[in-house]
Amino acid sequence: MAELNAMMGWTFVQEIDVPDSVKDLLVDGEQAKVAYKTVRDTAVVTNKRIIISDKQGMTGKKVEIYTIPFKSINMYSTENAGTFDANAEIQLWTRAGNFKLNLNKKVDIRKLDKIIAEGIL
């Protein structure tokens, strides 16, 4: 579990349009709510889960997709950015482990907080 927790951290840099490629991943009744650019990849938050695309290798042609279903989240916390800490953060406690989402100041943490709450509650 420690290995999983060490590798599961992403930074959401800014909100972007939902990529067309994510439409192939959505199930019946699932709707993309918002998308974010990460350092090298994208993350899409739907009404059912968080989907994170992780490009690998030098060319980025190999892509690993992570899915965090809202139904697997037991608890989460949000922390807004401070004066010296430039990033806000969301921590998710799931059956698979603990995940951290760092949010650049350009990302509205309360918007994402509300989407997650709607998916969980």
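The values are calculated or read from the model by the stated rules, or taken from the named source; none is laboratory data. Just so it is clear, the model here is predicted, and its values are computed rather than measured. Because the Cβ atoms are built from the backbone with ideal geometry, glycine has one as well, and the counts that use them run over all protein chains shown. Heads up: the accessible areas ignore ligands, DNA and RNA and are worked out on the full protein's heavy atoms, side chains in. Shrake-Rupley method; radii C 1.70, N 1.55, O 1.52, S 1.80 Å.
Using all pairs of distinct alpha-carbon atoms, the Kirkwood hydrodynamic radius of the chain works out to 14.8 angstrom. Ordered from largest to smallest accessible area (heavy atoms of protein chains, 1.4 Å probe), the residues LEU103, LEU25 come out as LEU25, LEU103. Determine which lysines satisfy two conditions relative to LYS111: a Cα distance under 27 Å, and not lying fewer than 8 residues away in the same chain. The qualifying lysines are LYS23, LYS33, LYS37, LYS48, LYS55, LYS71, LYS100.
Summing Lys, Arg as +1 and Asp, Glu as -1, what charge do residues with Cβ under 13 Å from the Cβ of LYS62 carry, LYS62 excluded? Summing Lys/Arg as +1 and Asp/Glu as -1 gives 0.
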